[in-house]
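Working notes for the structure below.
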Amino acid sequence: MPVIAYAFVLTVALLAGPAIVLANAKPVPGEIVLVISPNERGRAALIQQSGGRILGPETALLGALAISDNPDFPDTLKSDGAWFVLDGRQFALLCGVAI
């Protein structure tokens, strides 16, 4: 088997764990959420329109951490156009930050 094939299998194996964790990270109402949406400028407006505020990061390509007191915030984000809304605490833990 060529070295490239081994490298590909190893890369997929290393990325599968975090991808599975994020895919199963259901948002908790009133807690930090990870909002994944098409563009950075539209994301800020989407979060504000849905009744939340951005916590960071300022320059992420596809996602931002946000919070709101509205218990329907995750559902509102999805209905307003977010691609995915995931539990932000799980994402932060993958990055080595305990919230």
task: Could you grab the pairs with beta carbons closer than 6 Å, sequence gap of 6+ or different chains, first residue in the range 1-24 and closer than 29 Å to residue 87 by Cα and surrounded by 10 or more Cβ atoms within 10 Å (Cβ to Cβ), second one of a type outside the set (Asp, Glu) and modelled with pLDDT of 80 or more?
output: 22/86
message: I'm checking my understanding of the structure. Among residues of the range 66-94 that are more than 17 Å from residue 53 (Cβ to Cβ) and aliphatic (A, V, I, L, M), which one is modelled with the highest pLDDT?
response: 86
- request: Specify the residue that is nearest to the chain's Cα centre (by Cα); the eligible residues are those in the range 32-73 that are polar (S, T, N, Q) and buried (at least 16 other Cβ atoms within 10 Å of the Cβ).
  value: 37
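The values are calculated or read from the model by the stated rules, or taken from the named source; none is laboratory data. Just so we're clear, the structure is a prediction, and the values are computed from it rather than from any experiment. Neighbour counts are summed over all protein chains in view; Cβ atoms, including those assigned to glycine, are modelled from backbone coordinates with ideal geometry.
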